[in-house]
């Protein structure tokens, strides 16, 4: 469905000297720095996949998404959407995509939601029957019906986001790009947004490409993740396989009756706070049952919980950030 | 051919939808148009009163009598109004470049420049039309201008060409933001320059300036040359009713050049960081 071949994007930054003298010098002789924001990306995404695109700020992830949606022109390389080169045949290729940016709306502030939709209906030449069918589905999943006649400027962030999502789906695109869709949303709205993404993926086989800093989004939605940093792909694959490989451990949190905390030879005690202790252990060496059995043999246990290796660990490791615990 | 007609039909359909929506916004916020309806006409009527005063003092300006000047002034304001309705967004293109407004247009299956100008249709431009038409009619009566079919077509052709020249120049100035990466607002300067060089005969300026306004930045073709043609006044490039068609051609050329410059600039578009 999507093919990205050897994608590059360079920016030229003019290096300026400091102060007035630097600024004056810059007028005559400027030093140009070339920044490789995206440096040779290759991947393809099949129909019906939900792919999480993650990376720290400034990693080139937004630049990549913007090249994939036809907003930025690649320095070299190509993006094919459903076989069409989005740079060369933008107008044709963008018919197959829907784009939602969490931080900006594509709705008109001055209009009611349904008026913005009406304009989109004309732009994408959606016939009335299909239009009302899609609206019905959107109402079912997102509850869009109750905000249709509300002016966009009066909407809450959550309502606006729902409006934006519905707007991006009106022309039934094959691919949906979501750039930080859950940013700033409350728990309830996040939940319905995730439900929406799952539903359209199931019902319409819509391919979804999602960038997010929200680990919940990734855990609940993405089977596949692509981790990008410094403009290159660090990891690309099945989420649980990557977790298994990069962080094949779990954490057991145990609450004892007093602060005398026992140690275990095959589990690392990573934190203790009064009578609560966290043990990190590798799945290959030790089962949770064994660890609990051994610990309860030494001290009475009040309560326990097990945490899978967090996706946050994966991200920390992949981003190259040291665990500061 | 069928495909071209189909595309044109599609754009027309979207345009009508946009105009409809623009009207709805005005109906929603009626106070805003009231302000425009008062301030815009006053601005131009005062401008014309100034000319009347000057002519009353000196009899004429550079061989142009009062009626002819009204005719020129009126047509200049009319083409200004048309350019305001369709191309005023060009003044603010720099902001759109910096703020990343083109993201939205680039992800939709229509021309970017088309969407930039027509998704926020400036219906208020109509308020500029009123003083233009009033002064123009006054000029017609004063000069005894005869509305033959040829003249009517000529004026229409000229207004379209003139609006294209203005719009094309707005686009070119706005497109510089793709290179400078800053939101230069040329609106006020362009307005000043256009006012000074289209509302009065440019023959009153030094020859070097006339040369620039004729060949380099073809503002002379917005109103001075075509109106000279219609009025039968001799100019440096000769007289003739054919001038209106040259205006039309210059308009198309300026617009095409502007479109090309915009396209090249758009490749350098960097969107806005999050």
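Select from B:91, B:179, B:36 the residue whose mean-square fluctuation is largest in a Gaussian network model of chain B (Cα-Cα springs shorter than 10 Å).
B:179
Quick one: angle between helix A:187-204 and the longest Cα principal axis of chain A, in degrees between 0 and 90, rounded to 10, please.
Taking Cα atoms only, the helix is inclined about 70 degrees.
Give the calculated FRET efficiency between residue A:266 and residue A:302 to the nearest 0.05, with a Förster radius of 22 Å applied to their Cβ-Cβ distance.
Efficiency for this residue pair is about 0.45.
What's the FRET efficiency of residue A:57 with residue B:23 using the Cβ-Cβ distance as r and R₀ = 35 Å, to the nearest 0.05?
0.25
Over all pairs of distinct alpha carbons, what does the Kirkwood formula give as the hydrodynamic radius of segment A:179-325, in Å?
17.7
Ignoring solvent entirely, what values of log10 I(q)/I(0) come out of the Debye formula for the protein assembly as shown at 0.10 Å⁻¹ when each Cα is a single scatterer?
Evaluating at q = 0.10 Å⁻¹ gives log10 I(q)/I(0) of -0.99.
Grab the Cα-Cα distance for residue A:275 and residue A:130, subtract it from 0.36 nm times how many residues apart they are, and report the gain in nm with one decimal.
In short, 46.1 nm is gained.
Based on the Kirkwood radius over alpha-carbon pairs, what value in µm²/s does the Stokes-Einstein equation return for the translational diffusion coefficient of segment A:249-308 at 10 °C and 1.306 mPa s?
Roughly 142 µm²/s, to the nearest whole number.
At 0.36 nm per residue, and after removing the present C-alpha to C-alpha distance, how many nm does the segment from residue B:57 to residue B:264 gain when stretched out fully?
Contour length minus Cα-Cα distance gives 69.5 nm.
Calculated from DSSP H runs of 4 or more alone, at -39500 (n - 2.57) each and per residue, what is the 222 nm mean residue ellipticity of chain A, nearest 500?
The helix contribution divided over chain A gives -10500 deg cm²/dmol.
So what is the relative contact order for segment A:2-243, in percent, with contacts set as C-alpha pairs under 8 Å and at least six apart?
27
Would you mind calculating the gained length between residue A:259 and residue A:89 on full extension (0.36 nm times residue separation, minus the Cα-Cα distance), in nm to one decimal?
Length gained, residue A:259 through residue A:89: 54.5 nm.
Over the alpha-carbon set of chain B, work out the extent along each principal axis and list the three values in angstrom, largest first.
If we take the Cα atoms of chain B, the spans are 61, 42, 42 Å.
With r as the distance between the Cβ atoms of residue A:104 and residue B:13 and R0 = 25 Å, compute the FRET efficiency 1/(1 + (r/R0)^6) and round to 0.05.
The computed FRET efficiency comes out at 0.40.
How big is chain A by the Kirkwood estimate over distinct Cα pairs, in Å?
Averaging 1/r across every pair of different Cα atoms and inverting gives 22.7 Å.
Which one, A:140, A:290, A:92, has the greatest fluctuation when you compute a Gaussian network model over chain A with C-alpha springs under 10 angstrom?
Residue with maximal mean-square fluctuation among A:140, A:290, A:92: A:290.
Would you mind checking the tilt of helix A:19-28 against the longest principal axis of the Cα atoms of chain A, expressed as 0 to 90 degrees and rounded to 10?
50
How high is the relative contact order of chain B, in percent, with contacts defined as C-alpha pairs under 8 Å that are six or more residues apart?
25
Helix B:66-87: angle to the longest alpha-carbon principal axis of chain B, degrees 0 to 90, nearest 10?
Value to nearest ten degrees: 0.
I want to verify a result. In a Gaussian network model of chain B, Cα cutoff 10 Å, which of these has the top mean-square fluctuation: B:75, B:12, B:173?
B:12
How far apart, in nanometres, would the label points at residue A:31 and residue B:133 be if each is projected 7 angstrom from Cα along the Cα-to-Cβ direction?
Each label point lies 7 Å from its Cα, and together they span 6.2 nm.
Order of A:196-205, B:130-139, B:222-231 by packing, highest average Cβ count within 10 Å first?
B:222-231, B:130-139, A:196-205
Please identify which residues in segment A:211-255 have an amide N closer than 14 Å to a label point set 7 Å out from the Cα of residue A:292, following the Cα→Cβ vector.
The answer is A:251-255.
Taken together, the values in this text are just the output of simple stated rules run on the coordinates, not laboratory data. Here the structure is a predicted model, which is why all the values come from computation and not from measurement. Please note: Cβ atoms are built from the backbone with ideal geometry, for glycine as well, and neighbour counts cover all protein chains shown.
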